[in-house]
């Protein structure tokens, strides 16, 4: 399997959580009661899977391979993707902080949580689209098959934590739970 196919499969899982986040955010924006711990779980998924596994593979494996094949890390598609990763981390942190304050009773943070979650959803959808339709096809053309096989092996090491636990199983289970919790 190509590394880009692996990353695209992960995108589908990320989109499950983004869709659930959007449903919960819309409910909150309407003033409906929302299971607040959902937002905590979404932040855990984003930090652990999106950043800790998926973006790590891109930043430490795929993007350097693309730079090795001649793309710039300072401008162009790789630089844009890296900047969007940074923006996503910032929005997730702000979303988590607003959630924590709201959970502590500060009702003024409800609007901020909706705002930050909405911005994160928009960013990630656009980001995934660019990777799936621009960057990954470019990577498939630029990175030789033999190097792709080496990259795939490197990806496998990112999918297990220090204890040997398969991160995909852990986070895919969390994604399923979040889909159910977003309407509570």
(request) State all residues of the stretch 57-90 that are under 19 Å from the mean Cα position of the chain (by Cα) and more than 19 Å from residue 5 (Cα to Cα); if no residue qualifies, say none. (result) 79, 80, 82, 83, 84, 85, 86, 87, 88, 89, 90
(message) Of everything in the stretch 20-49, what is without any contact (Cβ under 8 Å) to a residue 60 or more places away in the chain and closer than 25 Å to residue 135 by Cα? Give them in sequence order.
(response) 47
(request) For the stretch 35-56, enumerate the residues that are outside any helix (DSSP H, G or I) and under 19 Å from residue 119 (Cα atoms). (result) 36
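For every residue, the table says whether it meets (1) exposed (fewer than 15 other Cβ atoms within 10 Å of the Cβ); (2) at pLDDT 95 or above.
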{"site": "74", "(1), (2)": "yes, no"}
{"site": "102", "(1), (2)": "no, no"}
{"site": "116", "(1), (2)": "no, yes"}
{"site": "119", "(1), (2)": "no, yes"}
{"site": "124", "(1), (2)": "no, yes"}
{"site": "127", "(1), (2)": "no, yes"}
(message) Anything in the stretch 57-72 that is surrounded by fewer than 16 Cβ atoms within 10 Å (Cβ to Cβ) and part of a helix (DSSP H, G or I)? List them, or say none.
(response) 59, 60, 64, 67, 68
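The values are calculated or read from the model by the stated rules, or taken from the named source; none is laboratory data. Just so you know, these numbers come straight off a predicted model, no measurement behind them. Note: ideal-geometry Cβ built from the backbone for every residue, glycine included; neighbour counts use all protein chains shown.
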